[in-house]
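Here is the structure we will look at.
The values are calculated or read from the model by the stated rules, or taken from the named source; none is laboratory data. This is a predicted model, so every value here is computed, not measured. So basically every Cβ, Gly included, is an ideal-geometry build from the backbone, and we count neighbours across all protein chains shown. These accessible areas exclude ligands, DNA and RNA; they are computed on the full protein's heavy atoms, side chains included. Shrake-Rupley method; radii C 1.70, N 1.55, O 1.52, S 1.80 Å.
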Amino acid sequence: MLTIGNKTFKSRLLLGTGKYPSFDIQKEAVRVSESEILTFAVRRMNIFEPSQPNFLEQLDLSKYTLLPNTAGAKTAEEAVRIAKLAKVSGLCDMVKVEIIGCDRSLLPDPVETLRATEMLLNEGFIVLPYTSDDVVLARKLCEMGAHAIMPGASPIGSGRGILNPLNLSFIIEQSTVPVIIDAGIGSPKDAAYAMELGADAVLLNTAVSEAYDPVKMAKAMRLSIDAGRLGFEAGRMPKRDYAVASSPMVGLVPN
Ligand SMILES: CC(=O)[C@@H](O)[C@H](O)COP(=O)(O)O
């Protein structure tokens, strides 16, 4: 089970809700993913515009935990304002802090992320900051009381997979809260790798929404996350420099 704050989930796949070819495909992809947490950009969702189409209307909201994110914010103050908007709309008291510090790489601003996390924790939110794979920053977010940390695998929407497995494994090793690998996952192999590193969960969007068949890819991601988690729990064999015969040598008939 995955526990974030006071909530517990069976699924370790968090799904983003942007860029799907249609609401119907999105709904089916969400269903087969078996994801229980859906994230969306508050600024891109028409939550206060009843006349505008809205993906949330397509869902049985009793089945999902919504994780609003603060995409579009450039400062801690903007992120807090967006989080409060989501809260007053009654959507959720959980928030993913997403403060972009570089328009080209879409990498997060570490200083503003740290500030926003502190401010939102003081306001009583369940806070999940999206961060770079910086080991020290991740530790500081943890110590501050973030309810989960979300280091990126690679830039958002790049599909380049896990660029720095060593940093991610340091983050995972030292974290006292769930580590959710977020952004840049391109294929089921990347998702399984994240879980084999010991991540608690994976958040992804583009790999599914931009797949040729998003529904099939959503299922593939679910299966790979389950497989990666099982592999992690099972404990992999040691890597060796030299071959070792697979058949036992004991009791071998002499030549
Ligand atoms: C939807 C969301 O929150 C994204 O900002 C997230 O980081 C996913 O990134 P990918 O689209 O690269 O999976």
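Might you tell me the accessible area per residue for the chain, computed with a 1.4 Å probe and given in Å²?
Roughly 51 Å² per residue, with all protein chains present.
Below 8 Å between Cα atoms, with a sequence gap of 6+, how large is the relative contact order for the chain in percent?
18 percent
What residues qualify as long-range amide H neighbours of Gly72, i.e. H under 5 Å apart, gap of 5 or more or another chain, H built at 1.01 Å from N?
Ile100
Most fluctuating residue of Pro155, Pro129, Pro238 in a GNM of the chain with Cα springs under 10 Å: which is it?
Maximum fluctuation in the GNM of the chain, among the listed residues, is at Pro238.
Which one, Ile4, Ala71, Gly145, projects farthest toward the positive side of the charge dipole computed for the chain from Cβ point charges (K/R +1, D/E -1)?
The residue sitting farthest along the positive end of the dipole is Ile4.
Which of the listed residues, Leu197, Val215, Val250, is farthest toward the dipole's positive end in the range 180-255, when Lys, Arg count +1 and Asp, Glu count -1 at the beta-carbon?
Final value for the positive-end residue is Val250.
Skipping prolines and chain starts, which residues have an amide H placed within reach, meaning under 5 Å, of the one on Thr39, given they are 5 or more residues away or on another chain?
Those qualifying (amide H under 5 Å, at least 5 residues apart or on another chain) are Leu15, Gly16, Thr17, Leu67.
Three principal axis extents, largest first, for the C-alpha atoms of the range 1-145, in Å?
41, 35, 30
Mind checking the dipole of the range 104-252: about its Cα centre, +1 per Lys or Arg Cβ, -1 per Asp or Glu Cβ, Debye to the nearest 20?
Numbers: 13 positive and 17 negative charges, 100 e Å.
Magnitude of the dipole: close to 480 debye.
Report, as a whole number in µm² per second, the diffusion coefficient that Stokes-Einstein gives for the chain at 4 °C and 1.567 mPa s using the Kirkwood radius over alpha carbon pairs.
Working: Rh = 18.9 Å.
In µm²/s, the coefficient rounds to 69.
Along the charge dipole of the chain, which of Thr176, Leu13, Phe55 sits closest to the positive end, that is, farthest toward it, with unit charges on the beta carbon of Lys, Arg, Asp and Glu (+1, +1, -1, -1)?
Sorting the options by dipole projection puts first Leu13.
With bins 10 Å wide starting at 0, give me the P(r) of the range 119-255 over every alpha carbon pair, in whole percents.
Over the range 119-255, the share of Cα pairs per 10 Å bin runs 12, 35, 28, 14, 6, 4, 1, 0 percent.
Cross-link list Lys7/Lys74; Lys10/Lys140; Lys19/Lys87; Lys74/Lys219; Lys27/Lys239; Lys140/Lys216: which exceed 32 angstrom alpha carbon to alpha carbon?
Exceeds cut-off: Lys74/Lys219; Lys27/Lys239; Lys140/Lys216.
Under the rule of at least 5 residues apart or a separate chain, name every residue whose amide H is placed under 5 Å from the amide H of Gly157.
It is Gly184, Thr206, by chain and number.
Can you give the Rg to Rh ratio for the range 124-198, taking only C-alpha atoms and Rh from Kirkwood?
Here the Rg-to-Rh quotient is 0.96.
Pop out the ³J(HN,Hα) list for the range 93-104 in order, Karplus 6.51 cos²θ - 1.76 cosθ + 1.60 with θ = phi - 60°, rounded to Hz; leave Gly and Pro as x.
Residue by residue, the range 93-104 yields 9, 9, 9, 9, 7, 9, 10, 7, x, 8, 5, 7 Hz.
Based on the Cα gyration tensor of the range 174-255, what are the three equivalent ellipsoid semi-axes, each the root of five times an eigenvalue, rounded to whole Å and given largest first?
36, 17, 10
For the chain, which whole-number percentage of the solvent-accessible area (1.4 Å probe, protein heavy atoms only) is attributable to carbon and sulfur atoms? List each step's numbers first, then the result.
Numbers: 6890 of 13020 Å².
The nonpolar share, carbon plus sulfur, comes to 53 percent.
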